[in-house]
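Shown next, in structure tokens, is the structure this report addresses.
Only the coordinates and a few stated rules stand behind these numbers; no lab work does. Everything numeric here is computed off the predicted structure, so don't read it as measured data. So basically every Cβ, Gly included, is an ideal-geometry build from the backbone, and we count neighbours across all protein chains shown.
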Amino acid sequence: MNKRKKIIIAVSFLILLLAGYGIYKLTLGNHDSKVIQITIQNEDDVIYDKQVETNSATLGELLEEMKKQKEILLEIEQSTYGMYITGMGVDELYVQDEASGKYWTYDSENNAQCVKNSFCDAADVLVIEDKDHFTFTLEAYE
């Protein structure tokens, strides 16, 4: 077999391999894709409750993605502990009010890290998994 035929066979094999990989990715989808339930409450009033599909690794990335897609309104600050939510909403931004003791908190009854630690870490380091459910609440704390 001459050198030219070997090169043609090698290139053909490479093209078939790349085409096969592309078809594999299209048929199986993205394994990192997950569906997360997000609930946002102003005290007892639910203002948002939807499932969101995402490839984000952390809750902070998901919230930033939702803000960028104009799904939610979001106001954050960075603290020594990580991402700190100071405002959330959908049509209206509900902001914390230190004078009346109203702050944003969030919790999850099924996120592995939240359950293991008995509290949820800062959103920018909190790893999310498929079918996690997070509830964000603005309410007064004393």
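The three principal axes of the Cα atoms in the stretch 54-124 give end-to-end lengths of 32, 30, 23 Å, sorted in falling order. Computed 3J(HN,Hα) for the stretch 44-55, one whole-Hz value per residue from the Karplus formula 6.51 cos²θ - 1.76 cosθ + 1.60 where θ = phi - 60°, is 9, 8, 7, 10, 7, 7, 9, 8, 10, 8, 8, 10, glycine and proline marked x.
Working from label points 7 Å from Cα in the Cα-to-Cβ sense, the Lys68 to Val46 distance is 2.9 nm.
By the rule of a C-alpha distance below 30 Å, with chain neighbours fewer than 8 residues away ignored, the lysines paired with Lys6 are Lys25.
Our summary gives the stretch 34-140 a relative contact order of 34 percent, counting only alpha carbon pairs under 8 angstrom and 6 or more residues apart. Summing +1 for each Lys or Arg and -1 for each Asp or Glu among the other residues whose beta-carbon sits under 13 angstrom from that of Val35 gives -2. Rounded to the nearest 20 debye, the dipole size of the stretch 34-140 about its Cα centre is 300 debye, using +1 on the Cβ of Lys and Arg and -1 on the Cβ of Asp and Glu. Can you list residues from other chains, or at least 5 along the same chain, whose modelled amide H is less than 5 Å from the amide H of Glu71? Correct list: empty. Using a simple spin-label model with pseudo-atoms 7 Å out from Cα toward Cβ, Arg4 and Ser100 lie 8.3 nm apart. What is the local net charge at Asn110, summed over the other residues whose Cβ is closer than 11 Å to its Cβ (Lys, Arg +1; Asp, Glu -1)? Result for the local shell: -4. For Lys50, the lysines whose Cα comes closer than 21 Å to its Cα, not counting residues fewer than 8 places off in the same chain, are Lys34, Lys67, Lys68, Lys70, Lys131.
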